[in-house]
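See structure below.
The values are calculated or read from the model by the stated rules, or taken from the named source; none is laboratory data. Just so you know, these numbers come straight off a predicted model, no measurement behind them. Positions of Cβ are backbone-derived with ideal geometry, glycine not excepted, and every protein chain shown enters the neighbour counts. Calculation scope for accessible area: heavy atoms of the full protein, side chains included, ligands and nucleic acids excluded. Shrake-Rupley method; radii C 1.70, N 1.55, O 1.52, S 1.80 Å.
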Amino acid sequence: MSLQVLTKNPKLCCPAPLECSGGFVIERGGTIWESYVPVKGTFTFDGSTNSTSATIRIHLFNGKVVTRNLQPEQSFAFTGDNVKKIEAFVSEIPSNILFRHCAQELIDLNCKLRNKCCPQSLQCELPVTYRNIPVGEDFLLWQSTLPVRGFLEINLFSFAGGSVKIIIKRFNNPDLVKTITQNTVIHASDMKALLVCIPRNLADPPDMSVQYCIKDQLNKKIAF
């Protein structure tokens, strides 16, 4: 007879969702990432050393598409759930866009935090370098279709002095607007977008890098 261990209150046990991270250089256009099951994650497109324009299309299982057009040296980062496919179209080949991904499959689309079978939040730590940032406009660096919390480490380089405005858009909360003159770390919740505005009067507009250390907030689901 096999040994059995009986407990008064058996522990609910659920399979852990598959998590992964990785990356490669996008040299030519086409489908660069695809899933046949719903996935959540953070995806970055670092074009800081790229000399061609590109269009990024992120397809979701609900049929919606997030599109971002990038000029040479521009970058973009995206966080979302129910991600199905990512395409990159470049104007010339070879391109030099560094693509990174940090993803987790969705076991229960209707998961609530108090549910003992709820998967853990996916935490991603990914860096992106931003160059060729237009001046005098709110330029989108990162966007999310679900609320996230965490740290954004913002570094300015090739910077002769002055200030830039950082804008963090949030779900159901006021925007966080901060003017920075040096490297800065911002910790916030309910984040949905990061933008930067560089004043037109800066003689030498800076380049930037952002280290994203973020995780999704499973207890807050927002329809996109």
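The residues of region 60-98 that are more than 15 Å from the chain's Cα centre (by Cα) and on the phi > 0 side of the Ramachandran plot, listed by number, are G63, E73. Within region 128-145, residues that are among the aromatic types (F, W, Y) and modelled with pLDDT of 95 or more sit with their Cβ atoms under 7 Å from residues that are open to solvent by less than 40 Å² (accessible area, probe 1.4 Å) and outside any strand (DSSP E or B), at 6+ positions apart or across chains, in these pairs: Y130/S48; Y130/S75; F139/I133. Kindly evaluate D190 against the criterion of being open to solvent by less than 30 Å² (accessible area, probe 1.4 Å), of a type in the set (D, E) and within 22 Å of the chain's Cα centre (by Cα). Spelling it out, D190 is indeed open to solvent by less than 30 Å² (accessible area, probe 1.4 Å), of a type in the set (D, E) and within 22 Å of the chain's Cα centre (by Cα). Pairing residues of region 40-51 that are within 11 Å of W142 (Cα to Cα) with residues that are basic (K, R) and in a strand (DSSP E or B), at Cβ distances under 8 Å and at least 6 apart in sequence or on separate chains, gives F43/R100; T44/R100; F45/R68.
Quick grid of which residues meet (1) in contact with a strand residue (DSSP E or B) (Cβ under 6 Å, 6 or more places away or on another chain); (2) hydrophobic (A, V, I, L, M, F, W, C):
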position: T129; (1), (2): yes, no
position: N132; (1), (2): no, no
position: V135; (1), (2): yes, yes
position: L140; (1), (2): yes, yes
position: G162; (1), (2): no, no
position: P205; (1), (2): yes, no
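Whether a residue is modelled with pLDDT under 95, open to solvent by less than 20 Å² (accessible area, probe 1.4 Å) and among the basic types (K, R) was assessed, and K11 does not pass this test.
Only a single item in (1) farther than 19 Å from D207 by Cβ; (2) in contact with a Leu (Cβ under 9 Å, 6 or more places away or on another chain); (3) modelled with pLDDT of 95 or more; (4) not small (G, A, S) is not met by D46, and it is number (1).
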